[in-house]
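Down below is the structure, laid out as structure tokens.
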Amino acid sequence: MSLRIVVCVKYVPDATGDRKFADDLTVDREDVDGLLSELDEYAVEQALQIAEEADDAEVTVLTVGPEDARDALRKALSMGADKAVHVDDESIHGSDVMATSLVLAKAIEKTGYDLVIAGMASTDGTMGVLPAILAERLGVPQVTLLSEVKVEDGKVTGRRDGDTASEQLEAFLPAVVSVTDQSGEARYPSFKGIMAAKKKPVEELELDDLDIDEDEVGLEGSWTAVDSADERPARTAGTIVKDEGEGGKQLAEYLASQKFI
Ligand SMILES: Cc1cc2nc3c(=O)[nH]c(=O)nc-3n(C[C@H](O)[C@H](O)[C@H](O)COP(=O)(O)OP(=O)(O)OC[C@H]3O[C@@H](n4cnc5c(N)ncnc54)[C@H](O)[C@@H]3O)c2cc1C
């Protein structure tokens, strides 16, 4: 039977561009350029390598995000994923990690899966908790933060590198794993891959398709809320200390005046 792999990929605001909050204190995702979260490229790469090793496998990439999030799916498809699922619904706007994980879990159940692969964290929210919450919602084991991952004999195995030890972990499928940026360079899409991606299926889903009520998601359905957000003040010009014999003293005085020492 085919190994069904679902990869969660997030469309995030481009960190090199201007990022801002919208009036409702949510991150402005409409008026800024976005892209596939770089850390999720590692998840796509691991899914493709596992699929290449398996006799028969299918890789589905899944995102919850606005219309433009399709770009993230296209990139993953051009890397080699087989198909994509895009959950886009006005009511999802403002969803926190609890609501987002609910939508992802329902979409994963609807798609069907043996293995879910996520990144170690998104490059915008950077909570790094979504894979664990997802596993809990799906009622399956989680093996997170893997630097190496393999699927064999109905089990997923992997290595998690900590500060003091490396652990070898395993779980029976179905399971959720997340992979780190040490798991292996993500491939670049080839020209052939980019052309092929244009013909690959992208399924569009709304809340109704997933049996989720509007009040379970969005700002209303979220467990957390942003009370206020202030823009960081612009950087001021630095202080230049010119060493004319007294440089060290001046430096120490400056650091003391700023209460660094
Ligand atoms: C349109 C939109 C509006 C949002 N508004 C808010 C808001 O107002 N307030 C708020 O708190 N949160 C909001 N979120 C949710 C938030 O951005 C995160 O998606 C969610 O809280 C998960 O947190 P994280 O990104 O830190 O996840 P992490 O735990 O850091 O992510 C780990 C991994 O989970 C997967 N993942 C995470 N998010 C997604 C996703 N959307 N689709 C597919 N895979 C994913 C990726 O594989 C990622 O590498 C919004 C999201 C979207 C798409």
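The values are calculated or read from the model by the stated rules, or taken from the named source; none is laboratory data. Nothing here was measured: the structure is a model prediction, and the numbers come from that model. All Cβ positions, glycine included, derive from the backbone under ideal geometry; neighbour counts span all protein chains shown. Surface accessibility is based on the protein's heavy atoms, side chains included, excluding ligands, DNA and RNA. Shrake-Rupley method; radii C 1.70, N 1.55, O 1.52, S 1.80 Å.
Taken together, 34, 65 contain a single residue that is under 20 Å from residue 134 (Cβ atoms) and either within 13 Å of the ligand (Cβ to nearest atom) or open to solvent by less than 30 Å² (accessible area, probe 1.4 Å) (or both), which is 65. Where strands (runs of 3 or more DSSP E) fall entirely within the stretch 105-210, those with at least 1 residues that are out of contact with any helix residue (DSSP H, G or I) (no Cβ under 7 Å at 6 or more places or on another chain), at pLDDT 95 or above and within 16 Å of the ligand (Cβ to nearest atom) are at 115-119, 142-146, 155-161, 175-179, 202-205. Within the stretch 205-219, the set of residues being on the phi > 0 side of the Ramachandran plot and either exposed (fewer than 14 other Cβ atoms within 10 Å of the Cβ) or not small (Gly, Ala, Ser) (or both) comprises just one member, 211.
Select, from 171, 118, 135, 197, the only residue that is farther than 21 Å from residue 11 by Cβ and surrounded by 19 or more Cβ atoms within 10 Å (Cβ to Cβ). Selected residue: 135, the only one of 171, 118, 135, 197 that is farther than 21 Å from residue 11 by Cβ and surrounded by 19 or more Cβ atoms within 10 Å (Cβ to Cβ). Within the stretch 3-43, track down each residue that is among the aliphatic types (A, V, I, L, M) and at pLDDT 90 or above. Within the stretch 3-43, 3, 5, 6, 7, 9, 12, 35, 36, 39, 43 meet the criteria. If you go through the stretch 84-96 and pick out every residue that is in a helix (DSSP H, G or I) and either free of Cβ contacts under 8 Å to residues at least 40 places away in the same chain or more than 7 Å from the ligand (Cβ to nearest atom) (or both), you end up with 2. When 79, 98 are checked against the criterion of being open to solvent by 20 Å² or more (accessible area, probe 1.4 Å) and modelled with pLDDT of 95 or more, 98 stands alone in meeting it. Scanning the stretch 12-31 for residues that are without any contact (Cβ under 8 Å) to a residue 40 or more places away in the chain, more than 19 Å from residue 89 (Cα to Cα) and open to solvent by less than 100 Å² (accessible area, probe 1.4 Å) yields a count of 2.
Where strands (runs of 3 or more DSSP E) sit wholly within the stretch 1-83, those with at least 3 residues that are not hydrophobic (A, V, I, L, M, F, W, C) occupy 57-64.
Look at (1) in contact (Cβ under 8 Å) with a residue 40 or more places away in the chain; (2) open to solvent by less than 80 Å² (accessible area, probe 1.4 Å); (3) β-branched (Val, Ile, Thr) and you find that residue 224 fails only one, number (2). The residue that is surrounded by the fewest Cβ atoms within 10 Å (Cβ to Cβ), counting only those in the stretch 82-95 that are within 22 Å of residue 222 (Cβ to Cβ) and not acidic (Asp, Glu), is 93. Summed over the stretch 51-62, the residues that are of a type in the set (Ser, Thr, Tyr) and open to solvent by 20 Å² or more (accessible area, probe 1.4 Å) give a count of 0.
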